[in-house]
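The values are calculated or read from the model by the stated rules, or taken from the named source; none is laboratory data. Just so you know, these numbers come straight off a predicted model, no measurement behind them. Reconstructed Cβ throughout: ideal geometry from the backbone, glycine too, with neighbour counts over all protein chains shown. In case anyone asks, the SASA skips ligands and DNA or RNA and just uses the protein heavy atoms, side chains included. Shrake-Rupley method; radii C 1.70, N 1.55, O 1.52, S 1.80 Å.
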Amino acid sequence: MRILKSILSSLVASLLLVSAVPATASTWSWSAPIDLSVSGQAAGSPQVVVDSTGLVTAIWWGDNGENRIIQSSTSQSGGTWSTPVPISALGGDGAQPELAVDSTGLVTAIWTRSNGSSYIIQSSTRPRGGTWSAPVDLSLNGSNAWNPQVAVDSTGLAIAVWDRYVSTHNRIQVSTRPLGGTWSAAVNLSPEGQSASDGKIVVDASGLATVIWIRNSILQASNLPRGGSWST
């Protein structure tokens, strides 16, 4: 019994000693801000993603005095940011950039760009360790498209959604691109007859994509199961 009391007394004394030591304050802190965009150019609409290796990709629009160009910079695991590179072509304003990254590190960027007659949705991709591809058009020419959104599932399937004026009203349109493939032709997702806008997209772990939007002041949704078709 005396031995047990001695052990308990020692334990209590140790606990009291530990509790008396003040907690050590956290030593981490935010780094000093640095400029990513080109000096002397206005910039806006920043977006950022990070892949499984810690490679961070940022995009934004930068105004070169003639056009707003979609630009990008990268940083590996908190290291130095790369010199910004243009993604969209000169000669037309780019806006509303969005980003997604898949499990392979493939980054997909989409944005709205003026081609002189209308605003269209464009996209570019960059594999891990590679360079950005030439932009491709996702929406058709002839009427304005805007508010692009993009998501990817675990297989690398990319899904883009946007608003586009069709005939007499706005429609929600979508396009898909399998890993290593090309973007499908755009299809109308929202019903015709009334305007729809503000499309948003998410993809869950099973690959089920969900798009929501506003149509005639009512919230609507449609789902795309992996390998399936869009629900009504």
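List of remarks:
- Any hit, the stretch 156-170, residues being over 30 Å from T53 (Cα atoms), among the small types (G, A, S), open to solvent by less than 30 Å² (accessible area, probe 1.4 Å) and touching a Gly at 6+ places or on another chain (Cβ under 9 Å): no
- Remark: pairs (first residue in the stretch 129-151, closer than 25 Å to T53 by Cβ and modelled with pLDDT of 95 or more; second residue part of a loop (DSSP other than H, G, I, E, B) and open to solvent by less than 70 Å² (accessible area, probe 1.4 Å); Cβ separation under 6 Å; 6+ apart in sequence or on different chains) = W132/I87.
- Single unsatisfied condition, T155 versus (1) modelled with pLDDT of 95 or more; (2) closer than 17 Å to A100 by Cβ: (1)
- One residue from S175, S229, S133 being among the small types (G, A, S) and more than 19 Å from A109 (Cα to Cα): S229
- With respect to being out of contact with any helix residue (DSSP H, G or I) (no Cβ under 7 Å at 6 or more places or on another chain), under 20 Å from N144 (Cα atoms), among the polar types (S, T, N, Q) and in a strand (DSSP E or B), S184 falls outside the description.
- A single member of S37, S88, S73 is open to solvent by less than 30 Å² (accessible area, probe 1.4 Å), of a type outside the set (D, E), modelled with pLDDT of 95 or more and in a loop (DSSP other than H, G, I, E, B), and it is S88.
- Given (1) on the phi < 0 side of the Ramachandran plot; (2) touching a strand residue (DSSP E or B) at 6+ places or on another chain (Cβ under 7 Å); (3) surrounded by fewer than 21 Cβ atoms within 10 Å (Cβ to Cβ), number of the condition P191 does not satisfy: (2)
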